[in-house]
Structures are given as C-alpha cells and as structure tokens.
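K.L.:
Pasting a structure here, questions to come.
Nothing in this text is a laboratory measurement; each read-out follows from the coordinates by a stated rule. This structure is a prediction, so every number in the text was calculated from the model and none was measured. Positions of Cβ are backbone-derived with ideal geometry, glycine not excepted, and every protein chain shown enters the neighbour counts.
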Amino acid sequence: MSLVARHLEANGIATVVMACAKDIVEYCGVPRLLFTDFPLGNPCGEPFNVEQQRKIFSMALDLLESARAPRTTVQTPFIWPHGDKWKELFMSEAQPFLDEKATENWQRAKEEYRKLKKEGKV
Amino acid sequence: MSSYVRYIDKTREYYLAQGYETPYRWAHFDEVPFTPLKKPLSECCITIASTSDVALKSEQNKSDENGHKLIGNVYEIPSDVKATDLFSKQEHYDRHATNLDDVNAYFPVTRLHEFVVRGRLGSVAPYLYGVYTAYSQKRTLEIDAPEVLKRCRENNVDVAVLTPV
C-alpha cells in the first residue's frame with residue numbers, strides 16, 4: 001500500500017496512509033502516515049466504535065491538510081481497550097500468525113505466483 | 001502506554017524460527033515524493049485504496065474462480081455500496097486480537113460519505129479500489145500502482161486514503 005501511496009503522490013494525488021504497522025510504512029517511506037496503535041486489521045478504529053472511527057478519520061483529513069513535507073507521521077491518541085498483551089503474543093508460538101487453512105492459501109498463492117512468473121504471465 | 005510493535009523484526013524472527021532463512025526484504029526508499037493539497041478538502045474528490053481484500057458479499061463465490069486474478073491486480077467497488085454489503089477475505093491480520101467484522105474499521109467507506117455530508121470533503125469518487133497482494137514489489141511498482149493512478153485520474157480523484165490491513 002505504501003508503494004501505491006508513493007506512486008500516486010509522485011503523480012499529483014495527495015495521500016494519507018492509515019496503518020497499524022508503523023515501522024513497515026516508515027521504513028518504506030510515505031508522504032503522510034496516520035498511525036493507530038491497534039492490532040493489524042483495524043487501522044481505522046475499533047470494530048463498530050463509530051465515534052472513534054470518526055475521530056480517527058477526521059485526523060487523517062487534518063493530516064492531509066497540515067503536512068508540509070513527506071514522512072509526516074501522526075499518532076492517534078487511542079489505546080486498544082483490551083490491554084496490550086497482543087503486542088507480545090502476535091507471531092508467537094502460542095498465537096501463530098496464520099491458521100492452517102490460511103497458511104495453505106498463502107503457500108498456494110505463492111506457488112501460483114511462481115508458476116505464472118515462470119510463464120511470464122505476471 | 002507500551003511501545004509499538006516492530007513488525008519487521010517480529011516477522012524476521014518468526015519466519016527464521018520456522019526455517020525460512022532468507023528474511024523478507026521490506027521496501028525501502030531514501031526519497032519520498034510529496035504533493036501538497038491543491039485546493040481545500042471541501043472541494044476535493046476522495047477515494048480509498050486498500051489491500052484489505054474487501055469484496056461484495058453478493059460476489060463472494062465469484063472471486064475465487066480465477067485464482068490467478070487474485071495475485072496482484074486492481075479491482076473496483078462502487079462507492080455507493082453499503083458497508084454491510086461488503087466483507088473481507090483477508091487472512092493476514094491479527095486474528096487473535098481482533099476481527100474484520102466491521103468493514104469501516106479498515107475500509108472507511110461510511111466515514112467518507114459522512115464527511116462529505118458534513119461539508120468537510122467535496123465528494124466521494126464513484127469507485128473505491130482494492131489491490132491484491134502481489135508477492136512482488138516490482139509488480140506493484142510497475143503494474144498495480146500505475147493502474148490505481150490511471151483509474152484515479154479517470155475519475156478526477158484529488159486525494160486518496162490508503163489502508164493496508
């Protein structure tokens with residue numbers, strides 16, 4: 001997604017990335033990042049917390065206006081309501097990232113990609 | 001408040017422990033482009049682009065038929081869709097800590113319309129975009145990102161909100 005942001009921006013479309021993986025987005029380098037310190041999957045707010053989602057979206061719009069230079073990161077003030085144990089547990093033995101089916105899907109997609117690449121179709 | 005998760009480090013350690021020896025090379029650039037807003041947001045046309053694999057519930061089965069189309073590729077969703085008619089097939093998120101049951105938590109389509117009604121934004125573009133994971137940064141750079149740009153231009157998009165999952 002960061003790569004798309006960069007391409008749009010290089011061609012005159014202003015962007016804001018809303019993300020939870022601050023390090024990945026900043027390592028790539030984007031014009032504007034609104035970071036919310038939530039588990040991967042909810043960069044725009046907690047599920048069904050509409051008021052919070054509005055505040056976060058409003059901050060994304062503010063950032064579109066206020067950034068004066070690239071690599072502007074703003075962090076939203078929200079704290080995940082169920083504690084921060086998830087930060088330790090993510091990608092741990094106790095909590096594998098993908099379940100069996102998702103791992104299979106991922107490997108199948110990778111294989112498919114390699115095959116198509118060989119055939120010059122991607 | 002504890003510090004944020006270092007996903008690059010976590011991923012490297014996690015896959016190393018699983019026997020994958022070559023760590024993933026995350027995209028990295030020294031230079032970052034920048035486009036200032038050219039007009040007030042209240043006059044801007046906005047869209048969303050996301051890797052959250054959002055799809056119409058009514059096309060739930062259709063999308064699996066052409067597996068290879070899901071590798072890379074840009075697709076569009078009409079912006080007048082109801083959030084409740086959308087769902088996500090994305091599997092790469094923190095499934096232990098949260099869920100993808102509320103599309104607006106990663107694809108803020110309802111928020112877009114609300115902020116147009118409030119006058120904070122000018123308009124919502126007719127289409128919102130999804131980009132499937134490409135397994136290749138080169139492909140994203142050379143094919144998918146230019147495709148998103150082309151479609152944004154066709155629809156006079158001024159600003160884009162990008163949401164990875």
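K.L.:
In vacuum, with every alpha carbon of chain A counted as one equal point scatterer, what does the Debye formula give for log10 I(q)/I(0) at q = 0.13, 0.14 Å⁻¹? Two decimals, please.
P.N.:
The Debye formula, applied to the Cα set alone, gives -0.70, -0.79.
K.L.:
Anything over 20 Å Cα to Cα? Flag those among A:Lys110/B:Lys89; A:Lys118/B:Lys150; A:Lys22/A:Lys85; A:Lys55/B:Lys39; A:Lys115/B:Lys138; A:Lys117/B:Lys138, in the order listed.
P.N.:
A:Lys118/B:Lys150; A:Lys55/B:Lys39
K.L.:
Next question. Explain nothing, just compute: Karplus ³J(HN,Hα) = 6.51 cos²θ - 1.76 cosθ + 1.60, θ = phi - 60°, for every residue of the stretch B:10-16 in order, whole Hz, x for Gly and Pro.
P.N.:
4, 5, 4, 5, 5, 7, 4
K.L.:
Now for a separate question. List every residue whose amide H lies under 5 Å from the amide H of A:Arg71, counting only residues 5 or more places away in sequence or on a different chain, with H placed 1.01 Å from N in the peptide plane.
P.N.:
A:Val30, A:Arg32
K.L.:
Lys and Arg at +1, Asp and Glu at -1: add these up for the other residues within a Cβ distance under 13 Å of B:Lys38 and post the number.
P.N.:
Local net charge: -3.
K.L.:
More than 36 Å apart: what percent of Cα pairs in the protein assembly as shown qualify?
P.N.:
For the protein assembly as shown, the fraction of Cα-Cα distances above 36 Å is 10 percent.
K.L.:
Long-range amide H contacts for B:Leu128: which residues qualify at under 5 Å (H placed 1.01 Å from N, peptide plane, sequence gap of 5 or more or a different chain)?
P.N.:
Those lying under 5 Å, H to H, from B:Leu128 are B:Ile77, B:Ser79.
K.L.:
If you don't mind, there's one more thing I want to ask. Residue by residue through the stretch A:57-66, which ³J(HN,Hα) values in whole Hz follow from phi under the Karplus form 6.51 cos²θ - 1.76 cosθ + 1.60 (θ = phi - 60°), with glycine and proline marked x?
P.N.:
With the stated coefficients, the stretch A:57-66 comes to 5, 4, 5, 5, 5, 4, 5, 4, 7, 8 Hz.
K.L.:
Something else: Calculate the tail of P(r) for the stretch B:21-165: the fraction of all Cα-Cα distances greater than 24 Å, expressed in %.
P.N.:
37
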